[in-house]
Structure formats: structure tokens, C-alpha cells
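Reviewing the structure listed below.
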Amino acid sequence: MVKESGDDSAQFKRILSNPKYHELVRKRRRFAWTLSIIMLVIYYAFIVVIAFKPAILATQITSDSIITIGIPIGVGIILSAFILTWIFVMRANGAYDRLTSEIKELSK
Amino acid sequence: MFRIFTVLMGGVFWMPWCAWAADIPPAAPQQKMNVTAIIMFFIFVAVTLGITYWAANRTKTTKDFYAAGGGITGFQNGLAIAGDYMSAASFLGISSMVFAKGYDGLIYSIGFLVGWPIILFLMAEQLRNLGRYTFADIVSFRLQRIPLRTLSAFGTLSTVILYLIAQMVGAGQLIRTLFGLPYEYAVIAVGTLMILYVAFGGMLATTWVQIIKAVLLLSGASFIAFAALSFVDFDLERFFRESVAAMKQSALADHKKVVSDGKNILAPGGLVTDPISAISLGLALMFGTAGLPHILMRFFTVGNAKEARKSVFYATGFIGYFYILTFIIGFGAVLLVAPHTQYMDMVKGTLMGGNNMAAIHLSHATGGDLFLGFISAVAFATILAVVSGLTLSGASAVSHDIYASAICGGQVNEKKEMMISKMAALVIGCIAIYLGIQFEKQNVAFMVGLAFAIAASANFPILFLSIHWKGLTTRGAMIGGTMGLLCTIIMVVLSKTVWVDVLKNPAPLFPYKDPAIFSMTLAFLGSWFFSITDGSERAKNEKLAYEAQLVRCETGVGSVGASKH
């Protein structure tokens with residue numbers, strides 16, 4: 001258990017009474033969960049296709065090519081993971097961090 | 001202390017040479033001495049022991065020991081996380097799986113990778129803001145310390161030991177083939193070095209060993225992949241077409257089977273047979289990552305939440321790039337290794353040194369003896385770095401969670417806690433060496449699966465719920481976590497991997513290889529049910545404490561400087 005000093009708990013109360021804090025929590029949670037769900041949907045859609053209809057991934061990208069669409073899709077999922085983390089870090093390290101430091105300033 | 005250090009350093013440095021001079025049992029499938037590999041490996045060992053010496057001088061407090069003083073940057077930590085992730089099992093294992101089965105190897109890579117964004121979105125920052133050294137810090141933030149620390153430490157230790165044994169057995173076999181050293185000496189050398197890194201250099205040395213190895217591995221793998229592509233002038237169409245053609249000519253038993261079954265190696269094959277297995281494997285791969293103690297520990301080495309986020313971003317980039325490389329390396333090996341009988345053990349119908357050697361042989365096919373030496377040394381360095389990280393997280397569970405927090409109630413002298421950590425590292429190292437030698441002839445692949453399943457079913461659910469669900473109580477977490485842990489172990493023992501393959505029974509009692517879908521669900525349900533039915537005074541206070549925990553999670557207030565109190 002963490003023991004809060006007197007200062008800290010007063011600061012906690014001030015943060016809790018700040019409507020901006022609640023706005024931050026709400027917005028950031030929604031953002032984090034949206035991105036998580038996008039990632040989960042992409043991944044489990046892929047898994048479900050492998051489980052039920054693997055033939056879809058065996059389709060050739062063009063009629064005279066040996067490369068199947070499974071390959072760009074696989075690489076695409078890897079890239080989508082990277083892009084989603086990039087979007088999150090940009091927003092969290094930018095807008096959300098600014099809002100957080102404002103809230104912390106006000107509560108001191 | 002430093003005299004002991006110097007003596008040990010000398011001992012380890014010379015021991016393999018002595019072993020080399022000693023007679024090697026003729027029965028072992030030795031290759032000829034790989035001199036380049038040995039020289040490069042000794043350069044790596046010398047550099048990392050130098051770092052350990054440097055780190056030992058800087059490791060004065062528990063914060064230095066567990067969290068490298070908290071001064072690692074996001075970029076460095078991203079490399080270190082990627083390093084912990086890119087074990088020899090993923091480098092050699094996944095490229096070999098692509099080599100043998102084609103597209104199916106990529107399914108594994110993707111599962112391992114997509115856990116990262118989820119950790120970032122829902123956990124990385126909270127871990128950094130709430131925790132100090134281990135993930136048990138988070139779980140016991142507002143819940144009862146003693147029972148939860150003990151449970152988390154148990155989850156950590158079982159994951160660490162299982163994973164360590166698998167790595168040790170792999171290390172012994174790999175080193176025997178690559179360096180021509182006897183199995184036992186190889187296991188002892190790896191074990192001794194990892195104990196030195198951890199006991200003397202703590203997290204600072206462990207992190208730098210990991211960073212150096214990650215850079216070596218990424219550059220080595222890039223070289224192999226690009227060299228393989230250069231054989232077909234970077235024309236992907238030609239690359240895959242010629243690989244498929246090469247597989248038809250291959251003398252390898254696995255390849256002959258693929259060809260005679262008429263399988264398309266550019267599409268999903270027989271890896272996943274039914275939907276439940278598919279989803280269960282997916283869950284274990286994805287959420288196992290989020291419960292691996294040696295990786296979670298890395299979030300405490302950075303200064304703040306911002307750096308924690310950056311480190312996951314870099315890690316995702318490095319790991320994603322690495323997995324794309326392993327896919328190219330696997331097909332490159334089909335193209336350039338499979339047609340050449342010099343890389344084949346024609347009697348067994350496998351690759352020389354076993355089917356995990358695809359990437360190693362490709363390094364020879366693309367870069368000759370010198371590059372083969374380099375990649376062999378990197379593969380060895382990879383094992384060393386990963387086992388060091390594992391040992392450190394196991395040692396921290398013993399000293400920080402069990403000794404300092406659960407037994408002494410947090411009232412403990414820092415020097416004493418560090419002593420316990422070092423002793424724990426020594427004991428864990430010796431256990432790993434002993435079991436590594438005992439399990440030489442066993443198939444240990446299931447241990448990695450079990451470690452992941454425990455991480456996903458026992459560690460992840462209570463960690464996740466304690467961060468995101470106000471209603472979690474000590475009773476719920478204890479019962480749910482224990483149920484997840486027991487269920488995983490029982491189901492794995494009753495499944496084909498142990499019941500049939502290890503215990504030699506005729507048929508499995510549990511039909512699926514991967515229990516995650518059942519054990520994770522059980523852990524979540526158990527935690528939920530035993531929390532909502534918990535009407536005790538303690539449970540009420542724990543729910544009330546969530547608000548303060550959330551403030552700290554979201555804003556980081558109270559976490560700065562929290563590492564000492």
C-alpha cells in the first residue's frame with residue numbers, strides 16, 4: 001500500500017473536483033478503448049478467417065502472380081499495429097499530456 | 001566484492017576454452033569448430049562483462065538494482081523490450097517455422113506482435129504511474145499486500161522458471177551445434193554468465209546487454225534478409241516463385257511432405273485446425289505478452305509515462321520489422337538452403353544440426369563463414385540476454401515481493417534487500433542450470449506454451465482488473481488468479497503436449513493444445529464473482545481506494561519520486 005502524505009491527498013481532492021480531470025479521463029479512456037477494439041477486431045477477424053475460410057487468404061493478388069493476398073494482409077496487420085501505436089503516442093504525448101499538466105498545475 | 005567479481009570473471013572467461021581443450025564426446029552431433037563464432041562471442045562476453053563492471057559501480061540502491069535508476073530513455077527501453085521479445089526461440093523458431101511450413105509461421109508472428117498495441121493503450125502508462133519495480137506493486141496498490149504479493153510472486157516465478165528451462169535447453173543444443181561445445185558446458189557457461197550480469201550489474205547491466213544484443217540481432221537479420229532478396233534482384237514475385245520451385249526439389253522430409261500433400265505454402269496450412277484452437281492460441285499469444293514479468297519490469301526503468309509510451313512505440317516498430325524479416329529469412333532459406341545437400345542431414349531428412357537452423361544456414365549461404373560466425377555469436381548472445389532478463393524478474397519477485405513486502409511488511413534495509421536479490425539470482429541461476437541439464441533429452445516446447453498460458457491466465461487478468469475495474473477486491477483477485485493458474489496447469493498436463501508426448505499416454509484427456517480460452521475466462525469470471533459477492537468492510541475500502549488510484553494512473557501525481565518512501 002502506498003501511504004500518501006498530507007499534501008498529496010489534498011492535491012488528490014483538488015484534482016477530483018476539477019471538471020477538466022473528469023473530461024480527460026473520459027476522453028482518454030474512450031480513445032484507448034477505441035484503438036484497442038480496432039486492433040482486436042483486425043486481429044480476430046484474421047484469426048476467424050484462418051479458422052473458417054482459409055481459402056480466402058490463398059487467393060492470388062493478380063491472376064498471373066504466385067503471391068497470395070494472405071501475404072500483404074499479414075504484413076498489413078503488422079503495419080496496422082505500428083500505425084495504431086503511432087496514433088496513440090502522438091495524441092497522448094501531445095494533447096492529453098498538455099491537459100494533464102494543466103490539471104496538475106491547477107491542483108498544486 | 002570486486003575481488004570475487006574478478007576471479008569469477010576470469011573463471012567464466014576461460015572456462016569454455018578449457019572445455020574446448022577437454023575431449024568432446026564423439027557421440028554428440030558436432031560440427032567442426034566454428035572459430036569466427038567463438039572469437040565474436042568472446043568479444044561480446046568481454047564487452048558485456050565490462051558493462052557489468054561499470055554497472056556494478058553504479059548499482060547502490062534497490063532502485064538502481066531493479067529499475068536501472070529509472071534513467072533509461074524511451075528509445076533505449078524500446079530496444080531493450082524488443083530485445084526481450086526477440087529471443088532465440090522467436091528468431092530461430094519462427095524463421096524455421098516459415099522455412100518448414102511457409103505462411104503458418106507468419107500467423108505466430110502476428111499473434112506475438114498485436115499484443116503490443118493493447119499493452120500500450122490499456123496498461124503501459126498505468127504500470128509506469130502505479131508501480132515501482134514489479135507488477136505485483138500494481139496489484140497490491142489498493143488490495144491486501146501479503147496474499148496478493150505472494151500470489152503474483154508465484155505467478156512470476158512459475159512463468160520465469162518454465163521459460164528459463166526452455167531457453168537453457170535451447171541454448172545447450174544450439175551451442176553444441178554451433179560452437180562444438182559439450183551440452184553441459186554450454187548450459188553452465190550460459191547460467192554462470194547470466195548470474196554474473198544480474199547479481200553484479202542488476203537492471204542497468206541487464207538492460208545494456210539487451211540493447212547491444214537487439215542492435216546486433218536487428219542488423220544481422222536485416223543483412224540476411226536483404227542478401228537473400230538480392231539473389232532475385234529484390235523482385236518479390238520471383239522470390240516467392242523460385243522458393244516454391246526450390247521446395248519441390250528439396251531433400252528435406254518436411255518439404256517432401258508439404259509437396260506430396262499438395263499444400264500451398266503461401267497460404268494458411270494445418271497450423272490451426274478448428275475455431276476454438278485458433279482463438280485460444282490467439283488469446284495466449286496476445287495476452288501472454290501482457291503478463292510476462294521480465295517484459296513488464298521494463299516499464300519501471302523509464303523516467304515517466306511519456307517515455308513509457310515512447311518505448312512501446314519503438315518496441316512495436318522494432319518487433320514488427322523483425323518479424324517481417326523472419327518471414328523473408330524463412331523463404332530465403334527455402335530458396336538458398338533447401339536445394340543444397342551440404343546443409344542437409346540426409347540420413348534424418350532434416351537440416352544439419354536440426355530444423356531450427358534455417359536462419360543460421362542461410363547466413364552461411366548469403367555471407368560465408370565469417371557471417372555464419374557472426375550470426376552464431378548473435379544467437380548465443382540472444383539467449384544470454386533473454387535469460388538474464390528472466391533471472392532478474394524472478395530474483396525481484398523473491399526479494400521485493402516475497403521478502404521485502406510480504407515477509408518484512410516493507411520495513412527492510414535496502415542493502416539487505418539487494419543482498420537477497422543477488423542470492424535469489426544465484427539460486428534461480430543454479431536451478432536453471434540443473435534443470436537445463438536434466439531436461440536435455442526432453443521436448444521442452446510445451447514449457448514455452450505453458451509459460452505464456454500462465455502469463456495470460458493468471459498474471460494478466462488480475463493485473464488488468466486491478467487497473468480498470470473499481471469493483472475488484474482482494475478476495476476476487478486471489479480466487480480468480482488461483483483458479484486461472486490451476487486451470488492452466490491442469491489443462492496443459494491433460495492435453496496432448498504433456499499427457500501424450502511427455503507422459504506417453506495413448507490419448508489426451510483435454511482435446512485442445514492451448515487452454516487460454518478456458519483458463520482466461522475462468523480467471524476473469526472467478527475474479528468478478530468473488531469480488532461482487534464480497535461484502536466485507538475491507539472490500540468496501542478497496543473499492544473506495546480506486547478513485548485515488550485512478551488519479552495517479554491518469555495524471556501521474558504521486559508517482560514521481562515515489563520510488564523511495
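Specify the residue that is farthest from the chain's Cα centre (by Cα); the eligible residues are those in segment B:452-473 that are assigned to a helix (DSSP H, G or I) and surrounded by fewer than 24 Cβ atoms within 10 Å (Cβ to Cβ).
Of everything passing the filter in segment B:452-473, B:HIS468 is farthest from the chain's Cα centre (by Cα).
Please specify each residue of segment B:82-108 satisfying the condition of being polar (S, T, N, Q) and in a helix (DSSP H, G or I).
Of everything in segment B:82-108, those that are polar (S, T, N, Q) and in a helix (DSSP H, G or I) turn out to be B:SER90, B:SER95, B:SER96.
Of all residues in segment B:328-344, which are part of a helix (DSSP H, G or I) and surrounded by fewer than 24 Cβ atoms within 10 Å (Cβ to Cβ)?
Across segment B:328-344, the qualifying residues are B:ILE328, B:LEU336, B:THR341, B:GLN342, B:TYR343.
Which one of these is of a type in the set (A, V, I, L, M, F, W, C), in contact with a strand residue (DSSP E or B) (Cβ under 9 Å, 6 or more places away or on another chain) and in contact (Cβ under 8 Å) with a residue 12 or more places away in the chain: B:ALA253, B:ALA246, B:ALA227, B:ALA189?
Just one listed residue meets the conditions, B:ALA253.
Would you confirm, using the coordinates I've provided, whether B:LEU143 is at pLDDT below 90, within 14 Å of chain A (Cβ to nearest Cβ) and under 30 Å from B:GLN411 (Cα atoms)?
On the way: at pLDDT below 90: no; within 14 Å of chain A (Cβ to nearest Cβ): yes; under 30 Å from B:GLN411 (Cα atoms): yes.
Here the answer is no, as B:LEU143 does not meet what is asked.
Can you tell me which condition B:GLU125 does not meet? The list is (1) buried (at least 24 other Cβ atoms within 10 Å of the Cβ); (2) over 30 Å from A:ILE47 (Cβ atoms); (3) of a type in the set (D, E, K, R), and all the others hold.
The number of the failed condition is (2).
Can you name the condition, by its number, that B:ASN77 falls short on among (1) of a type in the set (S, T, N, Q); (2) buried (at least 24 other Cβ atoms within 10 Å of the Cβ); (3) away from every other protein chain (no Cβ under 14 Å)?
With respect to (1) of a type in the set (S, T, N, Q); (2) buried (at least 24 other Cβ atoms within 10 Å of the Cβ); (3) away from every other protein chain (no Cβ under 14 Å), B:ASN77 is out only on (3).
Given (1) within 12 Å of another protein chain (Cβ to nearest Cβ); (2) at pLDDT 90 or above, where does B:PRO275 come up short, assuming only one miss?
Every condition holds for B:PRO275 apart from (2).
Looking at segment B:369-379, can you tell me whether even one residue there is of a type in the set (Asp, Glu) and modelled with pLDDT of 90 or more? Break it down stepwise before answering.
Step one: filter segment B:369-379 for residues of a type in the set (Asp, Glu), giving B:369.
Subsequent filtering for residues that are modelled with pLDDT of 90 or more retains none.
Checking segment B:369-379: not a single residue is of a type in the set (Asp, Glu) and modelled with pLDDT of 90 or more.
Return yes or no: is B:MET247 buried (at least 21 other Cβ atoms within 10 Å of the Cβ) and within 14 Å of chain A (Cβ to nearest Cβ)?
yes
Across segment B:53-74, which residue is surrounded by the most Cβ atoms within 10 Å (Cβ to Cβ) among those that are part of a helix (DSSP H, G or I) and touching a strand residue (DSSP E or B) at 6+ places or on another chain (Cβ under 8 Å)?
B:GLY74
Listed residues B:GLY291, B:GLY282; which is outside any helix (DSSP H, G or I) and surrounded by 19 or more Cβ atoms within 10 Å (Cβ to Cβ)?
None of the other options fit; the residue is B:GLY291.
Each row is one residue, and each column tells you yes or no for (1) modelled with pLDDT under 90; (2) touching a strand residue (DSSP E or B) at 6+ places or on another chain (Cβ under 9 Å); (3) surrounded by fewer than 20 Cβ atoms within 10 Å (Cβ to Cβ).
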site	(1), (2), (3)
B:VAL502	yes, no, yes
B:ASN505	yes, no, yes
B:ASP534	no, no, yes
B:GLY556	yes, no, no
B:SER559	yes, no, yes
B:HIS565	yes, no, yes
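Taking the stated definitions as given, is B:ASN77 more than 28 Å from B:SER222 (Cα to Cα), of a type in the set (S, T, N, Q) and modelled with pLDDT of 90 or more?
So B:ASN77 does not fit the description; no.
Counting just the residues of segment A:81-95 that are more than 9 Å from chain B (Cβ to nearest Cβ) and in contact (Cβ under 8 Å) with a residue 40 or more places away in the chain, which one comes out nearest to B:LEU106 (Cα to Cα)?
Ranking the qualifying residues of segment A:81-95, first place goes to A:ILE87.
Among the helices (runs of 4 or more DSSP H) lying completely within segment B:477-565, list those that include at least 1 residues that are touching a residue at least 12 places away in the same chain (Cβ under 8 Å) and in contact with a Pro (Cβ under 7 Å, 6 or more places away or on another chain).
B:516-532
Within segment B:221-240, how many residues turn out to be surrounded by fewer than 17 Cβ atoms within 10 Å (Cβ to Cβ) and either within 14 Å of chain A (Cβ to nearest Cβ) or on the phi > 0 side of the Ramachandran plot (or both)? I'd like the intermediate steps shown before the answer.
The initial filter retains those residues of segment B:221-240 that are surrounded by fewer than 17 Cβ atoms within 10 Å (Cβ to Cβ), namely B:222, B:226, B:230-231, B:233-238.
Then drop every residue that is not either within 14 Å of chain A (Cβ to nearest Cβ) or on the phi > 0 side of the Ramachandran plot (or both), which leaves B:233-238.
Selection size over segment B:221-240: 6.
Mind checking which pairs have a first residue in segment B:385-412 that is under 22 Å from B:GLY201 (Cβ atoms) and a second that is among the aromatic types (Phe, Trp, Tyr), Cβ under 7 Å, 6 or more apart or different chains?
From segment B:385-412, the pairs are B:SER388/B:TYR197; B:LEU390/B:TYR163; B:SER396/B:TYR66; B:SER396/B:TYR133; B:HIS400/B:TYR66; B:HIS400/B:TYR133.
Collect the residues in segment B:125-149 that are part of a helix (DSSP H, G or I) and under 30 Å from B:VAL187 (Cα atoms), keeping them in residue-number order.
B:PHE135
Would you please name the residue that is nearest to the chain's Cα centre (by Cα), looking only at residues in segment A:65-75 that are without any contact (Cβ under 8 Å) to a residue 12 or more places away in the chain, within 9 Å of chain B (Cβ to nearest Cβ) and within 18 Å of B:ARG238 (Cα to Cα)?
A:ILE71
Might you let me know whether segment A:40-63 holds any residue that is facing chain B (nearest Cβ under 8 Å), under 10 Å from the mean Cα position of the chain (by Cα), β-branched (Val, Ile, Thr) and in a helix (DSSP H, G or I)?
no
Answer yes or no as to whether B:GLY155 is within 14 Å of chain A (Cβ to nearest Cβ) and either within 18 Å of the chain's Cα centre (by Cα) or assigned to a helix (DSSP H, G or I) (or both).
Here the answer is no, as B:GLY155 does not meet what is asked.
Only one of A:ILE78, A:ILE103 is at the interface with chain B (Cβ under 7 Å from one of its Cβ atoms), at pLDDT 90 or above, under 23 Å from the mean Cα position of the chain (by Cα) and under 25 Å from B:GLY74 (Cα atoms); which?
A:ILE78
The values are calculated or read from the model by the stated rules, or taken from the named source; none is laboratory data. Just so it is clear, the model here is predicted, and its values are computed rather than measured. Ideal geometry is used to build each Cβ from the backbone, glycine not excepted, and the neighbour counts take in all protein chains shown.
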